[in-house]
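The next block holds one structure in the form of structure tokens; read it before the comments.
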Amino acid sequence: MIDFEIPAETAALRDQIRAFVNDKIVPYETDPRLTRHGPTEEMRTEMVELAREAGLLTFQAPARFGGREPSHVDQAVLFEAAGWSTLGPVALNCAAPDEGNMFLLGKIANEQQVEEFLVPVIEGRQRSVFAMTEPDGAGSDPNQLKTEAVFDGSDYVINGRKWLITGANGARTWIIMARVAPNEHGPDGPTLFLCDGDTPGIEIERVMNTMDRNYVEGHGVVVFNDLRLPASAVLGEVGQALRYAQLRLAPARLTHCMRWLGAASRAQAIAIEHARTRTGFGKPLAEHQGVGFMIADNEIALQQCRLAIWWACWTLDSGAKGRHESSMVKAMVSEELFKVADRCVQILGGMGISDETPVAMIFSDMRAFRLYDGPTEVHKYAISRQVLRNPR
């Protein structure tokens, strides 16, 4: 039997997270340190300390690192609460890319790498990046990876150019995807490397101007210019980067959905309050059928998205890889939540395109969400291939 009841302990933590975000983090939405490139590192550090004081920092971490280690279904409930403000996940240290990177490092990093690169991120003392996307290479199709690592028997020398690297400016834990060139010393192929962001050879060319502003320090363009790393910098095994990326992406797609469900729910709450109090043509906006229908459509979409996320999380908790399920949920949720945000802008009218409320920011960020971890079209392509191979 399917049970939709949220365990009391999870519900209590959800309420605690929601209250923290609403009371402590929402005021930061008008802080001038929230720039077009996202919150500054100074602002992030300040919010993280508030979460630390509240005992909520990195609540999703494994128990061995002091976290609460919630199941995927529990995470769905908790991350939605964190997403009530787009800054909530940043403060609680469950935002992308750090959340996904922590998950990946916890699975495949060795003990030395864990201590040097993972623990400081879990503790909120430094940020991480996942450097894969390239302007003329890897993106939705990582097989087009052009960044190359040449191995001389002891060191790898990496050269290449990346962009849309979230949080690159100021990050310390770097996961870099590069293609190891054929060599006489061992295996080759797409490989992940770990290093410190201060390593010579990592050059931050610029921070891109993008339509979203919820990620710390925005999205950078990065050049690897003879970046020299020892063999110990390999994360996992040489040639296995694409497999590791999939290990990271299935859960990460879902945590994106969870966080943005929280933000869309916030936009809906703001739109409802406006529709109740704003009048037009002799009565509150909410009493006009057109506005009422938009509110109803939003409520339907929010619940559909919530249940879809829970279903995919239940699939992961059952031990399945969940690639097919997470693709379906990411494709549907990203599109439906964008429609929710769009209707909220419409209900708010002129105020909806201003910074008088966070709805305009949620709307533009939600548009970017449709591209995070693969655009809808790529997910639909993968879904159709799976269905055609295994028709029901």
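Just so it is clear, none of the values below were taken in a lab; they were calculated from the coordinates. Only a predicted model underlies this, so the values are computations on that prediction, with no experimental measurement involved. Cβ placement follows ideal geometry from the backbone for every residue including glycine, while neighbour counts extend to all protein chains displayed.
Partners of residue 283 within straight-line reach, counting aspartates and glutamates whose Cα lies under 17 Å from its Cα and excluding those fewer than 8 residues away in the same chain: 273.
Rounded if a/c is under 1.5, else prolate if a/b is larger than b/c, else oblate: which is the stretch 214-320, with a ≥ b ≥ c the root eigenvalues of its Cα gyration tensor? Taking the square roots of the gyration eigenvalues as a ≥ b ≥ c, the stretch 214-320 is oblate.
Annotation: lysines with alpha-carbon distance below 19 angstrom to residue 107 (same-chain offsets under eight excluded): 321. Taking other C-beta atoms within 10 Å as the exposure proxy, 229, 337 rank 229, 337 from fewest upward.
Note on the chain: Cα-Cα pairs beyond 34 Å make up 29% of the total pair count. If you take the Cα centroid of the stretch 116-169 and the Cα centroid of the stretch 1-51, the two points sit 28 Å apart. Evaluated with a Cβ-only charge set (Lys, Arg +1; Asp, Glu -1), the chain carries a dipole of roughly 1080 debye about its Cα centre, given to the nearest 20. Note on residue 330: aspartates and glutamates with a C-alpha under 13 Å away, same-chain residues under 8 apart excluded, are 373, 377.
The fewest-to-most ranking of 146, 330 by surrounding Cβ atoms within 10 Å reads 146, 330. What the Cα convex hull of the stretch 128-238 gives, in volume per residue, is 94 Å³.
Dividing the Cα radius of gyration of the stretch 233-285 by 2.2 N^0.38 Å, with N the residue count, gives 2.21. Model label sites at residue 196 and residue 226, defined 7 Å from Cα along the beta-carbon direction, differ in position by 2.1 nm. Rounded to the nearest 0.05, what FRET efficiency is calculated for residue 288 and residue 311 with R0 set to 45 Å and r the Cβ-Cβ distance? Efficiency, rounded to the nearest 0.05: 0.80. You can think of it this way: the chain between residue 36 and residue 3 has 7.6 nm of extra reach, that is 0.36 nm per residue less the Cα-Cα gap. The helix-only estimate of mean residue ellipticity at 222 nm for the chain, built from DSSP H runs of length n ≥ 4 each weighted as -39500 (n - 2.57), is -14500 deg cm²/dmol after division by the residue total.
Once you have a ≥ b ≥ c as the square roots of the Cα gyration tensor eigenvalues for the stretch 1-135, tell me rounded if a/c is under 1.5, and otherwise prolate or oblate according to whether a/b is larger than b/c. Here the stretch 1-135 falls in the oblate category.
If you plug the beta carbon distance of residue 377 and residue 299 into 1/(1 + (r/R0)^6) with R0 = 35 Å, you get a FRET efficiency near 0.80. In a fully extended conformation the segment linking residue 205 and residue 279 would gain 21.6 nm over its present Cα-Cα distance, using 0.36 nm per residue. Reducing the stretch 171-228 and the stretch 356-385 to their Cα centroids gives an inter-centroid distance of 24 Å. Here is the list for the stretch 1-101: chymotrypsin sites (Phe, Trp or Tyr not before Pro) lying in DSSP coil, each with at most 14 other C-beta atoms within 10 angstrom of its C-beta, are 4.
If all Cα-Cα distances of the stretch 242-389 are sorted into 5 Å bins from 0 onward, what percent lands in each bin, rounded to whole numbers? Going from the shortest bin to the longest, the percentages are 2, 10, 18, 19, 17, 12, 9, 7, 4, 2, 1, 0, 0.
Cβ crowding within 10 Å, taken as a proxy for footprinting-reagent exposure, orders 33, 213 from fewest neighbours to most as 33, 213.
The modelled label-to-label distance between residue 53 and residue 321, using points 7 Å beyond Cα along the C-beta direction, is 4.6 nm.
For the stretch 285-321 versus the stretch 59-82, the spacing of their alpha-carbon centroids is 21 Å.
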